Amino acid sequence: MIETPSVVLIVDDNENNRDVLERRIARYGHIVETAENGREALDKIRARSYDLVLLDIMMPEMNGYQLLERVKQDPEYRNLPIIVISAIDDVESIVRCIKLGAEDYLPKPFNPSILKARISASLEKKRLRDQEEAHLEDQAISQRIARELNTRLSLSRAAELTLDWAMKRTSAHAGFIARILDSGEEMVIVAVAGHSQSLQYYQNTIIPIESDSLQKAVKTILPQSSVDREDYWLTETKSRVVIPIGRGGQVLALLILEDASEARYSNRTLSFLTSLSDRSAIAMSNALLYEQVQKANHAKTEFISEVSHELKNPMTSIRNYAKMLPSVGPVNDVQQRFIETIINNVDRMAGLVSDLSDISRIESGHLRLELEKVSLADVLADVAAGFMGQIEEKKQQLVIDLPDLLPPVRADSGRLGQILTNLLSNAHKYTLEGGHIRITANLMPDERAKRPLVLVAIEDSGQGLTEADKEKIFTKYFRSPEGQASGTPGTGLGLRITKQLVELQGGQIWFESEYQQGSTFYFTIPICRPGEELAADDQPAGEGADSDR
Ligand code: ADP
């Protein structure tokens with residue numbers, strides 16, 4: 001570790017005194033500056049940073065007391081140690097100086113050994129205090145960097161932030177961050193600052209690592225390269241720092257800083273850069289993992305979407321042929337029951353496949369909604385008509401209570417139908433024979449959204465939910481272990497999909513439920529304002545066509 005010399009300011013109006021002190025202190029290895037009075041000293045203190053002031057008291061213009069007062073009142077210089085060396089050695093003035101914040105008091109003429117000891121004690125105290133302050137400051141910055149780095153799981157964002165902080169802290173002229181590819185022989189520049197166009201041009205293209213110093217930085221994984229072309233440096237670069245950004249023994253990227261001057265970074269700066277690269281390594285490896293998860297998710301979505309597409313045709317065919325069987329010849333009662341079982345199971349399978357396809361589309365942001373002006377009453381009437389058979393079979397009572405003048409809503413009619421189907425189907429499934437189901441819809445103002453909403457409620461007198469069920473009701477594949485859910489067909493995906501569909505259309509969903517008393521599921525959907533044009537931009541969901549619902 002290289003010790004940087006301390007800078008000492010001597011303030012005395014007597015030239016002879018100044019010279020004696022100056023020579024002596026220079027001999028201790030410090031840099032010395034002088035001032036003739038308090039005023040000049042104050043100007044100097046404001047202009048550069050000192051480690052210690054040796055101060056006389058009786059001086060023209062601004063005396064030692066006044067300077068002490070001014071310096072110690074200023075939060076910026078409060079920690080600057082001041083040793084008073086004065087011929088006045090009455091107790092009162094010593095006490096006054098100490099009260100004003102002087103570090104120490106030495107009588108004139110001073111004893112050289114005592115002076116030397118006091119100076120080194122003060123400087124050591126100051127060094128420790130500075131170190132402590134620097135440490136606290138670095139810690140605060142480090143925490144801020146960690147927070148910033150972890151806000152988004154993006155490798156390029158992490159690289160840009162890292163480079164930005166490194167440049168700010170070092171005042172380097174240029175720099176870049178290169179991600180080392182798995183082979184260890186190639187890199188991709190992911191962030192550039194201060195470089196000419198040519199390096200920016202290389203950004204995101206794979207380039208071989210040919211520079212000796214870069215290879216040294218990744219020597220653990222890099223084989224020797226025969227070529228040594230240093231294309232990446234600024235022509236005027238005089239000094240360069242290469243810091244590997246690594247985790248678990250693997251170098252993920254390199255942080256390279258270049259300076260047009262012979263910059264020499266202090267130990268503090270180097271330790272800042274090391275801690276920055278450690279934090280950056282965590283953020284980058286998280287971003288890389290996230291990238292991999294995203295890719296795997298994408299592959300899963302593609303797979304599910306292809307499989308569900310492929311399954312649709314054979315399922316339709318099984319269903320149609322099973323339905324046609326009675327028309328090609330007589331079937332007895334047992335055969336008829338078998339046919340119904342086939343059709344019911346194909347329908348269940350179709351529901352499952354469609355749920356799986358929906359959930360993967362929603363999660364990958366590939367569900368596209370066709371928002372239009374829709375009559376909630378019409379969609380609800382269609383959905384209810386489809387359920388009448390099952391509801392009557394279970395001797396349940398369905399009441400639909402809508403006001404006469406319900407404004408049209410802004411929705412995807414197919415998806416709105418799906419929401420109502422899921423909620424009505426659940427109300428029907430999880431309510432005993434003879435139970436009640438009631439559907440209402442009302443206009444409610446939403447102050448926050450400045451767009452009125454329609455509130456739909458589906459109430460049942462069914463089995464209700466336990467406290468434990470309530471926590472998990474919207475999670476994927478959740479089915480209550482209680483009551484009929486275990487014996488009722490279902491996938492545990494319906495409510496999850498319903499929640500996402502409601503939210504994608506600008507609404508919210510929630511419920512109230514009492515175990516063995518019944519449940520009410522509520523959802524909101526925005527109204528369509530009179531004369532409102534529904535542009536393509538209004539579509540809230542991700543890209544990609546939703547061709548095979
Ligand atoms: P599924 O009905 O296919 O099981 P859902 O996601 O629609 O899947 O519902 C998840 C679980 O929530 C159901 O299995 C059931 O236990 C519970 N549930 C949903 N709606 C109701 C309801 N109206 N009353 C009681 N329990 C319900």
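The values are calculated or read from the model by the stated rules, or taken from the named source; none is laboratory data. Keep in mind the model is a prediction, meaning the values are calculated, not measured. Counting neighbours? That spans all protein chains shown, and the Cβs are built from the backbone with ideal geometry, glycine included. Protein only, heavy atoms only, side chains kept; ligands, DNA and RNA dropped before computing areas. Shrake-Rupley method; radii C 1.70, N 1.55, O 1.52, S 1.80 Å.
What to note about this one:
- Unsatisfied cross-links (Cα-Cα over 19 Å) in the set 72/125; 295/499; 295/476; 300/476: 295/499; 295/476
- Mean Cβ neighbour count within 10 Å, used as a protection proxy, ranking 53-65, 334-346 highest first: 53-65, 334-346
- Between residue 479 and residue 400, the simple spin-label model (points 7 angstrom out along Cα→Cβ) gives 2.9 nm.
- Relative contact order %, the chain, counting alpha carbon pairs below 8 Å whose residues are six or more apart: 8
- Segment 232-315, relative contact order in percent, only Cα pairs under 8 angstrom and at least six apart counted: 25
- FRET efficiency for the residue 94 to residue 278 pair, using the beta carbon distance and R₀ = 45 Å, is estimated at 0.35.
- Segment 51-122: mean projected area of Cα convex hull, nm²: 4.8
- The largest accessible area among 165, 510 belongs to the first residue in 510, 165, and the rest follow in falling order (1.4 Å probe, all chains).
- Estimated dipole of the chain in Debye, rounded to 20 [Cβ of Lys and Arg +1, of Asp and Glu -1, Cα centre]: 820
- Once divided by 2.2 N^0.38 Å, the Cα radius of gyration of segment 11-62 becomes 1.09.
- For segment 386-504, the per residue solvent-accessible surface stands at 48 Å², with DNA, RNA and ligands left out and a 1.4 Å probe.
- When restricted to Cα atoms, segment 48-93 yields an Rg and a Dmax of 11.1, 33 Å, respectively.
- Angle of helix 333-363 to the longest C-alpha principal axis of the chain, folded into 0 to 90 degrees and rounded to 10: 20°.
- Calculated over segment 265-414, the projected area of the Cα convex hull averaged across directions stands at 17.6 nm².
- Size descriptor, Kirkwood hydrodynamic radius, that averages inverse alpha-carbon separations across segment 381-514, Å: 15.8
- Taken as Cα centroids, segment 354-388 and segment 139-167 sit 41 Å apart, rounded to the nearest whole angstrom.
- When the surface is traced with a 1.4 Å probe over the full set of protein chains, residue 370 keeps roughly 110 Å² accessible.
- R0 of 41 Å, Cβ-Cβ distance residue 239-residue 297: FRET efficiency to nearest 0.05: 0.35
- Cα gyration tensor, segment 1-134 - rounded (a/c under 1.5), prolate or oblate: rounded
- Estimated Rh, the chain: Kirkwood, alpha-carbon pairs, angstrom: 31.4
- Distance between segment 28-63 and segment 98-134 - C-alpha centres, whole angstrom: 15
- Each label was represented as a point 7 Å from its Cα along the Cα-to-Cβ direction; for residue 48 and residue 134 these points are 1.9 nm apart.
- DSSP bridge pairs, the chain: antiparallel proportion in percent, nearest 5: 70
- Shape analysis of segment 238-344 yields a ratio of the Cα radius of gyration to the Kirkwood radius, Rg/Rh, of 1.60.
- Candidate residues 321, 430: accessible-area rank, largest first, probe 1.4 Å: 321, 430
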